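The values are calculated or read from the model by the stated rules, or taken from the named source; none is laboratory data. Because the structure is a prediction, the values reported are computed rather than measured. Every residue, glycine as well, gets a Cβ built from its backbone with ideal geometry; the counts of neighbours run over all protein chains shown. Only protein heavy atoms, including side chains, enter the accessible area calculation; ligands, DNA and RNA are left aside. Shrake-Rupley method; radii C 1.70, N 1.55, O 1.52, S 1.80 Å.
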Amino acid sequence: QVQVVESGGGLVQPGGSLRLSCAASGSISSIYAMGWYRQAPGKQRELVATITNGGTTNYAYSVKDRFAISRDNAKNTVYLQMNSLKPEDTAVYCCIARGSARDYWGQGTQVTVSS
């Protein structure tokens, strides 16, 4: 079993920055990638960014030039640096750990971009 815990959400003004963290623990040897999804009220969940164990990244087009995903393998932690935030980035951000047999999800952290 794998546990996934997010932190770092909050309220920020448009144009501001936030950094989210996601720590995985437990049977992490099966994990080959981690990343972030988000879901805004009334909208479907969408991919934000992912990163593989080898460091290959993938981003949603809407965040590609503003967000950066990175990982610290020693800490089994993934980070999402979010810059130039817009009101449309407001959502619950959920961390995912992709395993060989199944995916593991965190409970999510709220990000609100508002003046």
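Restricting segment 76-98 to residues that are crowded, with 18+ Cβ neighbours inside 10 Å and among the small types (Gly, Ala, Ser), which is farthest from Val12 (Cα to Cα)?
In this case the residue turns out to be Ala97.
Considering Leu85, Leu47, which residue is under 15 Å from the mean Cα position of the chain (by Cα) and either assigned to a loop (DSSP other than H, G, I, E, B) or at pLDDT below 95 (or both)?
Values: Leu47 fails: either assigned to a loop (DSSP other than H, G, I, E, B) or at pLDDT below 95 (or both).
Going through Leu85, Leu47 in turn, just one is under 15 Å from the mean Cα position of the chain (by Cα) and either assigned to a loop (DSSP other than H, G, I, E, B) or at pLDDT below 95 (or both): Leu85.
Residues checked against (1) farther than 20 Å from Leu85 by Cα; (2) open to solvent by 30 Å² or more (accessible area, probe 1.4 Å); (3) in contact (Cβ under 8 Å) with a residue 40 or more places away in the chain:
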position: Ser7; (1), (2), (3): no, yes, yes
position: Gly10; (1), (2), (3): no, no, yes
position: Gly15; (1), (2), (3): no, yes, yes
position: Leu20; (1), (2), (3): no, no, yes
position: Ser30; (1), (2), (3): yes, yes, yes
position: Gln39; (1), (2), (3): no, yes, yes
position: Glu46; (1), (2), (3): no, yes, no
position: Ala49; (1), (2), (3): no, no, no
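Out of the residues in segment 57-75 meeting the condition of being among the hydrophobic types (A, V, I, L, M, F, W, C) and in a strand (DSSP E or B), tell me which one is surrounded by the fewest Cβ atoms within 10 Å (Cβ to Cβ).
Here the answer is Ala68.
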